[in-house]
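Novice: Sending over a structure as structure tokens; questions will come in a sec.
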Amino acid sequence: IYGEVASVALRLMERELESDDERIREIAKWCISVGIPRSLAKKPVMTYVYGATLGGTADHCEFVLEKEILPAAGIALPDPKFMHEASLYIARKLFAGICVTVPAAAAAMQWLKEIARQQPSGKRMTWKTPAGFVVQHDYQDYTDTQVRLNSCGVVVTMVREWTEGTKAHAMANAISPNFVHALDSCHLTMVANAMKSDGLAMVAIHDSFGTHPCDVDSMHKHIRQEFVNLYARPNLLTEFLWDVGAVGEPPSRGSLDLNAVLDSEFFFS
């Protein structure tokens, strides 16, 4: 998927070689000459559905370009401002490449944001995962009282007072990663319960699952089966919609055969 996103991004850049904007043509030509290797595309692809921002992705692109790609290729920058512009340009094209390559993920992310934007200020979003865990999505607004220390050139927050409102921007930007994390934790819980039912030991740290060597095969079966059990639920998004008190039509389900996960060697490693 990293290679496919990079390929789409490069094709989008090639279209802009005919742009009426001379600067865009210059940046597009330079970026195409540099290319988009796997190391540049991997992180944006992995973090997109976790709420990666354009600015943060541009910073990643700039770091990889400066530390890895340009020194290895011996490529120079046309001017001092070029790096920032090129990094932001590449980040935009990678985001567009992700939307083309995995449109359902991008659509689901946008749907979740729209649901979050429906919530009135001050209303915390609360929902329950299939494992029974209650999720509290709450980015409370606040006001800061600051003191500027001009002699030191810094600003220090002295008092933070929480208000009854919520930060709308934060509520919308964080809903997608928090929803995904909640389902990841639900999957972990379901696997742990299945292991316990079989009398097997298990330890987990975030998304790292462990057990005794003699029980690894059994754990892998449970990991795959519980994933299927979780995402085969017909009303997963509808239940979320009801819990948070929102209205809307959930994204339609795709044609992926979840049962193929059961026979996927590299589904979870």
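The values are calculated or read from the model by the stated rules, or taken from the named source; none is laboratory data. Being a predicted model, the structure only gives us computed values, none of them experimental. Cβ coordinates were reconstructed from backbone atoms using ideal geometry, including for glycine residues, and neighbour counts include every protein chain displayed. Side chains are part of the model used for accessible areas, which takes the heavy atoms of the whole protein and leaves out ligands, DNA and RNA. Shrake-Rupley method; radii C 1.70, N 1.55, O 1.52, S 1.80 Å.
Novice: Using modelled backbone amide H atoms (1.01 Å from N, in-plane), which distant-in-sequence or interchain residues come within less than 5 Å of MET125's amide H?
Specialist: Under 5 Å from the amide H of MET125 lie the amide H atoms of HIS137, each far enough along the sequence or on another chain.
Novice: Still on this structure: What residue among LYS128, LYS196, LYS93 has the largest mean-square fluctuation in a Gaussian network model of the chain, using Cα springs under 10 Å?
Specialist: Evaluated over the chain, the most mobile residue of the options is LYS196.
Novice: While we're here: Ignoring ligands, DNA and RNA, what percent of the accessible area of the chain is carbon or sulfur (1.4 Å)?
Specialist: The nonpolar share, carbon plus sulfur, comes to 54 percent.
Novice: For log10 I(q)/I(0) by the Debye sum over Cα atoms at q = 0.08, 0.10, 0.11 Å⁻¹, several values are listed as (i) -0.60, -0.73, -0.79; (ii) -0.48, -0.74, -0.87; (iii) -0.35, -0.53, -0.64; flag the one computed from this structure.
Specialist: (ii)
Novice: Here's another thing I want to ask about it. If the cut-off is 20 Å between C-alpha atoms, which lysines fall inside it for LYS29, apart from same-chain ones fewer than 8 positions away?
Specialist: By straight Cα distance, LYS29 reaches LYS81, LYS93.
Novice: Which net charge results when you count Lys and Arg as +1 and Asp and Glu as -1 among the other residues whose beta-carbon is under 14 Å from that of TRP111?
Specialist: Summing Lys/Arg as +1 and Asp/Glu as -1 gives +1.
Novice: Which of the peptides 118-124, 26-32 is most tightly packed, and how do the rest follow, judged by the mean count of other Cβ atoms within 10 Å per residue?
Specialist: Answer by packing, highest mean first, reads 26-32, 118-124.
Novice: Need the C-alpha centroid separation for the stretch 65-130 versus the stretch 9-31, integer Å.
Specialist: Between the Cα centre of the stretch 65-130 and that of the stretch 9-31, the gap is 19 Å.
Novice: OK, next. Using only DSSP helix segments of four residues or longer, with each worth -39500 (n - 2.57), what per-residue ellipticity at 222 nm results for the chain after dividing by its residue count and rounding to 500?
Specialist: -17000 deg cm²/dmol
Novice: So what is the relative contact order for the stretch 47-138, in percent, with contacts set as C-alpha pairs under 8 Å and at least six apart?
Specialist: Contact order relative to length: 24 percent.
Novice: Also, I was wondering about something else. Express the accessible area of the chain per residue in Å², computed with a 1.4 Å probe while the remaining protein chains stay in the model.
Specialist: With the other protein chains kept in place, the chain gives 59 Å² per residue.
Novice: How large is the dipole of the chain about the Cα centre if only Lys and Arg carry +1 and Asp and Glu carry -1, each at its Cβ, rounded to the nearest 20 debye?
Specialist: 260
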